[in-house]
Amino acid sequence: MATQWDFGIDLIQSLEIPDPFQTFVAKKYANAKGYVHDFFTGEWSYKCLTCKEDMSAPSRKIMTKIRLYHSRNECTGGY
Ligand SMILES: [Zn+2]
């Protein structure tokens, strides 16, 4: 049985969830700076700012993994 208190918690959560999520999305987009999306092939490409190597990936998520792997293990740019 839901009490008035439980309902209050649900209401607070439903109001507060979008904020951290939007902050997260904004940060994600900030990290994605420099990504280029090819609208026709659907591929993402990124040129490493340190060694100028071109990288490409089928999605933004994979692009981020490739970029992080590259910067941490290959050219160590920015670290
Ligand atoms: Zn690099």
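A few remarks follow.
Yes/no per residue for (1) part of a strand (DSSP E or B); (2) at pLDDT 60 or above; (3) within 14 Å of the ligand (Cβ to nearest atom):
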| residue | (1), (2), (3) |
| --- | --- |
| ASP6 | no, yes, no |
| ASP10 | no, yes, no |
| GLN13 | no, no, no |
| LYS27 | no, no, no |
| VAL36 | yes, yes, no |
| LYS52 | no, yes, yes |
| LYS61 | no, yes, no |
| SER71 | no, yes, yes |
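- Across the range 39-57, the qualifying residues are those that are closer than 14 Å to LEU68 by Cβ and hydroxyl-bearing (Ser, Thr, Tyr), and the one among them that is least open to solvent (accessible area, probe 1.4 Å) is TYR46.
- Pairs, first over 12 Å from GLY34 (Cβ atoms) in the range 50-64, second among the β-branched types (Val, Ile, Thr), C-beta under 8 Å, six or more apart: ALA57/ILE66
The values are calculated or read from the model by the stated rules, or taken from the named source; none is laboratory data. The structure displayed is predicted, hence computed values, not measured ones. Counting neighbours? That spans all protein chains shown, and the Cβs are built from the backbone with ideal geometry, glycine included. Accessible surface is based on the protein model in full, side chains and every heavy atom, while ligands, DNA and RNA are left aside. Shrake-Rupley method; radii C 1.70, N 1.55, O 1.52, S 1.80 Å.
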